[in-house]
Amino acid sequence: MNIAIGSDHRGFGVKQRLVKLLEQLGHQPFDTGTFSIEYADYPDYAFKVAERVGNGEAERGILVCGTGIGMCIAANKVAGVRAAPCHDIVSAEMSRRHNNANVLCLSADLLGEEIIERIVRIFLETQFEGGRHARRVEKITTYEGGAK
């Protein structure tokens, strides 16, 4: 799977570990930056990842900042993106199963290395259930496209 990944300075270390994990799992990560621990504005990287997902260049995206919240807010401004801030395995699973989330937003400051890896694996492995959930996701997509 092609996966766009990005972080701000606070998420840099986690992002570096996740790029290696994604490669080990057989995915093709595309690292959009940041590439150091120098201060960086999270929206810049959220938009880079979200645009790749929104235009179909990447099947999924992963964003990492201090809490995951800022990245999520910014990513959800891009058409076609359904970003979810996940802080446990249940939110990761349900964001995929019921909401067909395509961008995972993680906290570098609040989560440990082991739980982050579990969340990422679940997010990538869980399929969208469709059914009644597809109808709901389609309502979001329709609204996003300008139809009220």
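The values are calculated or read from the model by the stated rules, or taken from the named source; none is laboratory data. Not measured: the values here are computed from a predicted model. Quick reminder, even Gly has a Cβ in these numbers, built from the backbone with ideal geometry, and neighbours come from all protein chains shown.
Summary table below
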quantity	calculated
Test: residue in region 53-73 that is within 18 Å of His9 (Cβ to Cβ), of a type in the set (Gly, Ala, Ser), modelled with pLDDT of 95 or more and out of contact with any strand residue (DSSP E or B) (no Cβ under 6 Å at 6 or more places or on another chain)	yes
Hits in region 80-129 - residues which are hydrophobic (A, V, I, L, M, F, W, C), in contact with a strand residue (DSSP E or B) (Cβ under 9 Å, 6 or more places away or on another chain) and in a loop (DSSP other than H, G, I, E, B)	Val81, Cys86, Ala101, Ala108
Test: residue in region 70-77 that is within 15 Å of Leu18 (Cβ to Cβ) and in a strand (DSSP E or B)	no
Scope region 117-133; condition hydrophobic (A, V, I, L, M, F, W, C) and either surrounded by fewer than 11 Cβ atoms within 10 Å (Cβ to Cβ) or in contact with a Leu (Cβ under 8 Å, 6 or more places away or on another chain) (or both); matching residues	Ile119, Val120, Phe123, Leu124
Test: residue in region 26-46 that is under 11 Å from the mean Cα position of the chain (by Cα), outside any loop (DSSP other than H, G, I, E, B) and either crowded, with 17+ Cβ neighbours inside 10 Å or modelled with pLDDT of 95 or more (or both)	yes
Selection within region 95-148 - at positive phi and under 14 Å from the mean Cα position of the chain (by Cα)	Asn100
Residues of region 1-32 classified as touching a Cys at 6+ places or on another chain (Cβ under 8 Å) and of a type in the set (D, E, K, R), total	2
Residues of region 47-66 satisfying the condition of being in a loop (DSSP other than H, G, I, E, B) and either in contact with a helix residue (DSSP H, G or I) (Cβ under 9 Å, 6 or more places away or on another chain) or of a type in the set (A, V, I, L, M, F, W, C) (or both)	Glu57, Ala58, Glu59, Gly66
Candidate set: region 58-116, residues that are surrounded by fewer than 17 Cβ atoms within 10 Å (Cβ to Cβ) and charged (D, E, K, R); chosen: the one nearest to Ala4 (Cα to Cα)	Glu59
